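The values are calculated or read from the model by the stated rules, or taken from the named source; none is laboratory data. Keep in mind that this is a model prediction, so the values were computed, not measured. Note that we place each Cβ from the backbone using ideal geometry, even for glycine, and neighbour counts take in every protein chain shown.
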Protein chains: 2
Amino acid sequence: MRLQGFACALMITLTTWGQSDSEAVKTLFETSLADGMSYHWLDHLSNQIGGRLSGSENAERAVVYVKNELEKLGLDEVRLQSVMVPKWVRGSSEKGEIRGTDGTKRLLNICALGGSVATPDAGLSARVVEVQGIDQMKEMGPEAIKGKIVFFNRPMENTLIHTFEAYGGCVDQRHTGAMEAGILGAAGVIVRSMNLRLDDYPHTGSMTYGELPVDQRIPSAAISTNDAEFLSKKLKTDPDLDLFFWQNCQQFEDVESFNVIGEITGTEFPNQYMIVGGHLDSWDLGDGSHDDGAGVVQSMEVLRLIKKSGIRPRRSIRVVLFMNEENGLRGGRKYAEEASSKGEKHIFALESDSGGFTPRGFSFDCSDEDFARILQWQPLFKPYLIHYFEKGGSGADIGPLKSEGIVLAGLRPDSQRYFDHHHASNDTFDAVNRRELELGAATMASLVYLVDRHGTNATANQPIKD
Amino acid sequence: MRLQGFACALMITLTTWGQSDSEAVKTLFETSLADGMSYHWLDHLSNQIGGRLSGSENAERAVVYVKNELEKLGLDEVRLQSVMVPKWVRGSSEKGEIRGTDGTKRLLNICALGGSVATPDAGLSARVVEVQGIDQMKEMGPEAIKGKIVFFNRPMENTLIHTFEAYGGCVDQRHTGAMEAGILGAAGVIVRSMNLRLDDYPHTGSMTYGELPVDQRIPSAAISTNDAEFLSKKLKTDPDLDLFFWQNCQQFEDVESFNVIGEITGTEFPNQYMIVGGHLDSWDLGDGSHDDGAGVVQSMEVLRLIKKSGIRPRRSIRVVLFMNEENGLRGGRKYAEEASSKGEKHIFALESDSGGFTPRGFSFDCSDEDFARILQWQPLFKPYLIHYFEKGGSGADIGPLKSEGIVLAGLRPDSQRYFDHHHASNDTFDAVNRRELELGAATMASLVYLVDRHGTNATANQPIKD
């Protein structure tokens, strides 16, 4: 009943799209839900391969796997794009402990931050200074910090509806906390996990020492939110407690890895490129199902759905599965550099890197004219409960493609559960719902289809031949 | 940034609501997320009490618990409303087995449907007739059905976006399949679980024999979707296999139970009643967290949020926690009867009974005038990603209140995962995300606030005093 009513509304309000578009979108959704491959591919990536940190054997196995799967789709081209990536290895074991002045001990759920140096062989033990952020630490000055372990404990703001905003408001502690604390002479850094939930999982993620000399680089680790709450309370009654942690992570020389690229060449404008992608690498704690196995398989599925639905794209559509988003962005940079050096005209790029949850819409990094153009397609998505069309960020891997005239877009799934799993050992296949994943792939395919068919603002005046 | 932009837009487009409304909604959301009680209450209902089938001890423990919790909120009145409910008990054990003609056996994941009779003491064993629905069975006629076990295997349609539509398109097999098969002389009925996912959980649910004589009432049970797939395949190569099942469920005399009602009496129009509710009873297999522990605690939270936010309602707001939605709807009918006999004017009722998932909006059963009025409030919900405002059903428990002029509404959360858990042993607390639950409560509280403040179409011309 509802679908019929919508179809009538369509015929009255034709703008830049037509009845055939609504039929194409319907086909894409039905094919994804009834006959999708994304969940099957994710099962393999997650359960047969697992965590895929850049430079690891698993990352290379993932490259081989997705290349083979893309080759089965009958695309016009599948290739690898070589890229040198950092290789950081967590090491054999990690330990953490709160040692009260009264002799009590409590083991911590702890993990090294990605890129951190190791502790001394015997571990690191020191008193703790709790701060709510980098600014507060700087105000306290080097006297208060020197020789201490700085405990960054500002939680994600749980009243924000967009959880990525809450993450953005906290992640500086993880990313540059150790660098800033090192400058002040701290011995180490402990960060409250970037997690809106109180639980026992420590969440890793990238950190940087910037240009800091090697002797000022101090070890940094994350502890679970439950442990952060405990430590903070304990410090109030036992401010002289010691915190001990031990990790033997290690940075190696860069190694060769690959972006994986598949293409359907456009029938009318083969030199206009549209790309859809996610990142193949993941952190090492879980199996990287949501971050970003989901984006990888959804992007592959976009090309499969388009072929399966009998759509022959006017423009060239590429799936790009980027290596090294998590701790370097080398894959994204490499792809953009090569596109630029070859003079390839990219008109559109879409990334899925916010988890495999129910899709709500997209955010767009583009001109006002292009955004207005895209908003005209919004009614086509209504039957699928896709309503969020806003200007905003897109995705880290496609960011380097930014230039005048290109439309960058990011899939925006429901974000409420994302940070329960992000960069933690519970980012696993069982946390992904098949339908939610498939709806995301169909949502992406529909936008790709519409951009292909109707073009962006700069490329829109070219008539449709069929 | 986004919020500020929205606030500006608000001031330009003032219609039946004002800036103070957007502030009130913001307060309700922030209070629910930062300082909510719903998750705590659900933890108790699910983990300390558990499944709450009508007539069970757990159901009575739930009545006592929520009454006590409501009394702590400082409402103007908390009371029990007596209602007689059916008492069906699953019994000590359930078994099912496929017995191939070659002697192979496979155990089935099986559960009795709610209200079913038991099998004979030794169990029931018979050949199987697989059908895609009741119509197909009727076409086959009594000769084909007599003495057989009818296997209803029409799956939920996985291409439908609204999963409740897929449920509605299948559930006749579970609800009246055994009655119709009994009329044709079948020995028993097996139903494919109402589940969009392939897994091993059997899903129970209500069934009826209507006015069928006792000797035609045949036992009925559900098997998991994986087992349904297996059985269907097996029947193709071994059509003469036997299916065996055994269950000793039992129907007892009706027993007394209760709806639990709490009220904040309106300051201006105490005789205009608005209600918000969910159902206290659940099926017995899981702990009823999504169905409908979530709706119960969200409804309680609505009244708590309103009090905590310092809102003094103009109209009387009641939370009604209904007994016996699952297998009788006695609580909903009783509440409506008493409201009618007392001449209480109900202007609005909102039910949450679609799971504790991220809220997407509401469906409304009301006049076109009331719906148009409500649509004016839709922009107030945009910052919270609440976009779904459509005419449609509301909730089973509030259905009996339907009369001219009343606005009935149902919370519509994301429905993609709902039927993974519905009526099965995995409808448990761990499947509920705290933020998703809390966002639902805030969404409900915001609508209740707006209806209270601005009235429905029939009650809207009364000026606001403050």
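General remarks:
- Residue B:430 passes every criterion in (1) more than 30 Å from residue A:164 (Cβ to Cβ); (2) assigned to a helix (DSSP H, G or I) apart from (1).
- Selection status of residue A:171, outside the structural domain of residue A:52 (by TED's automatic domain parsing), over 30 Å from residue B:442 (Cα atoms) and not aromatic (Phe, Trp, Tyr): no
- Screening the stretch A:116-162 for residues that are under 30 Å from residue B:360 (Cβ atoms) and in contact (Cβ under 8 Å) with a residue 60 or more places away in the chain and picking the one that is surrounded by the fewest Cβ atoms within 10 Å (Cβ to Cβ) gives A:162.
- Taken as a whole, the structure leaves residue B:179 outside the set of residues that are touching a Cys at 6+ places or on another chain (Cβ under 7 Å), outside the structural domain of residue B:352 (by TED's automatic domain parsing) and either over 21 Å from residue A:36 (Cα atoms) or touching a residue at least 60 places away in the same chain (Cβ under 8 Å) (or both).
- Filtered residues of the stretch B:411-435 (kept if more than 7 Å from chain A (Cβ to nearest Cβ) and of a type in the set (S, T, N, Q)): B:415, B:425, B:426, B:428
- Pair list, Cβ under 7 Å, 6 or more apart: the stretch A:32-47 residue farther than 15 Å from residue A:65 by Cβ, other residue surrounded by fewer than 20 Cβ atoms within 10 Å (Cβ to Cβ): A:33/B:158; A:33/B:159; A:34/B:158; A:34/B:159
- Among the residues listed as B:317, B:386, the single one being buried (at least 23 other Cβ atoms within 10 Å of the Cβ), within 14 Å of chain A (Cβ to nearest Cβ) and among the hydrophobic types (A, V, I, L, M, F, W, C): B:386
- Residue list for the stretch B:231-269, filter: among the aromatic types (Phe, Trp, Tyr) and more than 18 Å from residue B:324 (Cα to Cα): B:244, B:245, B:246, B:269
- Selected residue (criterion: farthest from the other protein chains (Cβ to nearest Cβ)) from residues of the stretch B:149-164 that are of a type outside the set (A, V, I, L, M, F, W, C) and part of a loop (DSSP other than H, G, I, E, B): B:153
- Condition met for residue A:404 (at pLDDT below 95 and over 18 Å from the mean Cα position of the chain (by Cα)): yes
- Residue identified as more than 19 Å from residue A:305 (Cα to Cα), in contact (Cβ under 8 Å) with a residue 24 or more places away in the chain, surrounded by fewer than 18 Cβ atoms within 10 Å (Cβ to Cβ) and among the hydrophobic types (A, V, I, L, M, F, W, C) among A:458, A:424: A:458
- Scope the stretch B:174-199; condition out of contact with any Phe, Trp or Tyr (no Cβ under 8 Å at 6 or more places or on another chain) and within 14 Å of another protein chain (Cβ to nearest Cβ); matching residues: B:198, B:199
- Residue match in the stretch B:350-364 (condition: β-branched (Val, Ile, Thr) and within 14 Å of chain A (Cβ to nearest Cβ)): yes
- From the options B:229, B:263, B:253, residue that is more than 23 Å from residue B:419 (Cβ to Cβ), acidic (Asp, Glu) and surrounded by fewer than 19 Cβ atoms within 10 Å (Cβ to Cβ): B:253
- Comparison of B:316, B:354, B:363, B:340 shows that the only residue that is among the polar types (S, T, N, Q), touching a helix residue (DSSP H, G or I) at 6+ places or on another chain (Cβ under 8 Å) and at negative phi is B:354.
- Selection within the stretch A:34-61: residues that are within 14 Å of another protein chain (Cβ to nearest Cβ) and surrounded by fewer than 16 Cβ atoms within 10 Å (Cβ to Cβ). The member of this set that is farthest from residue A:87 (Cα to Cα) is A:34.
- Condition check for residue A:247: closer than 29 Å to residue A:86 by Cβ and buried (at least 23 other Cβ atoms within 10 Å of the Cβ): yes
- Residue A:299 vs. criteria touching a residue at least 40 places away in the same chain (Cβ under 8 Å) and buried (at least 24 other Cβ atoms within 10 Å of the Cβ): yes
- Residues within the stretch B:389-410 that are within 14 Å of chain A (Cβ to nearest Cβ) and aliphatic (A, V, I, L, M), tallied: 0
- For the stretch A:339-354, a tally of residues being outside any loop (DSSP other than H, G, I, E, B) and closer than 17 Å to residue A:270 by Cα returns 7.
- Those residues of the stretch B:319-357 which are among the charged types (D, E, K, R) and farther than 22 Å from residue B:413 by Cβ, in sequence order: B:330, B:333, B:334, B:337, B:338, B:342, B:344, B:345
- Failed item, numbered, when residue A:222 is tested on (1) at pLDDT 95 or above; (2) farther than 24 Å from residue A:54 by Cα; (3) not assigned by TED's automatic domain parsing to the domain that holds residue A:350: (2)
- Condition met for residue B:130 (in contact with a Lys or Arg (Cβ under 8 Å, 6 or more places away or on another chain) and not in a helix (DSSP H, G or I)): no
- The strands (runs of 3 or more DSSP E) found entirely in the stretch B:19-119 that carry 2 or more residues being more than 20 Å from the chain's Cα centre (by Cα) and under 30 Å from residue B:309 (Cβ atoms) are B:77-89.
- Any hit, the stretch B:354-367, residues being over 18 Å from the mean Cα position of the chain (by Cα) and of a type in the set (A, V, I, L, M, F, W, C): yes
- Among the residues of the stretch B:280-291, at least one is among the polar types (S, T, N, Q), under 23 Å from residue B:89 (Cα atoms), touching a Phe, Trp or Tyr at 6+ places or on another chain (Cβ under 9 Å) and part of a helix (DSSP H, G or I).
- Wholly within the stretch B:165-277, strands (runs of 3 or more DSSP E) carrying at least 1 residues that are out of contact with any Asp or Glu (no Cβ under 9 Å at 6 or more places or on another chain): B:188-192, B:220-223, B:250-264
- If only residues of the stretch B:163-217 that are among the acidic types (Asp, Glu), modelled with pLDDT of 95 or more and over 18 Å from residue B:110 (Cα atoms) are counted, the one that is surrounded by the most Cβ atoms within 10 Å (Cβ to Cβ) is B:180.
- Complete set of residues in the stretch A:370-383 that are touching a residue at least 60 places away in the same chain (Cβ under 8 Å) and within 14 Å of chain B (Cβ to nearest Cβ): A:379, A:380, A:381, A:382, A:383
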